[in-house]
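What follows is one structure encoded as structure tokens, with my remarks underneath.
Please treat every number below as a calculation from the coordinates, not as lab data. Because the structure is a prediction, the values reported are computed rather than measured. So basically every Cβ, Gly included, is an ideal-geometry build from the backbone, and we count neighbours across all protein chains shown.
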Amino acid sequence: MNLETKKEQINIIQNIFNDKWKIKIICSLLNKERRLKDLNKGINNITQKTLIVKLKELEKKGLVEKRYFPEVPPKVVYSVTPVGKKLKPIIFSMLTWVDKYKINFISKI
């Protein structure tokens, strides 16, 4: 496969994962839906404002959904959509690559 012919697909990937937070948010949601406060606690150094902005961006891209429960107090949970769940094997493949790369990289330092 010639990656030079896949510019449109590469641009889409860049558009989805264009910062350091989105992959962390998706990983945090892959196994379990979470409330905002739990997401905020589980992702180091992210402000609540940034988390909300990134969640909205991921919602617009169809990777995360937000559900409201009419309770008192109101309950809101975030989860990965079926499309977002298809990222799981891709993320695991990248993690495997990182484990191999990390060994090569560290040995050269």
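Observations, loosely collected:
- Residues in the stretch 39-75 that are under 15 Å from the mean Cα position of the chain (by Cα) and not in a loop (DSSP other than H, G, I, E, B): 17 in all.
- Taken over the stretch 1-50, the criterion of being closer than 19 Å to Ile90 by Cα and of a type in the set (Val, Ile, Thr) is satisfied by Ile10, Ile12, Ile13, Ile16, Ile23, Ile25, Ile26.
- Sole exception among (1) in a helix (DSSP H, G or I); (2) in contact (Cβ under 8 Å) with a residue 12 or more places away in the chain for Gln14, by number: (2)
- Between Gly42, Gly84, Gly62, the distinction of being at positive phi, of a type in the set (Gly, Ala, Ser) and in contact with a helix residue (DSSP H, G or I) (Cβ under 7 Å, 6 or more places away or on another chain) belongs to Gly62 only.
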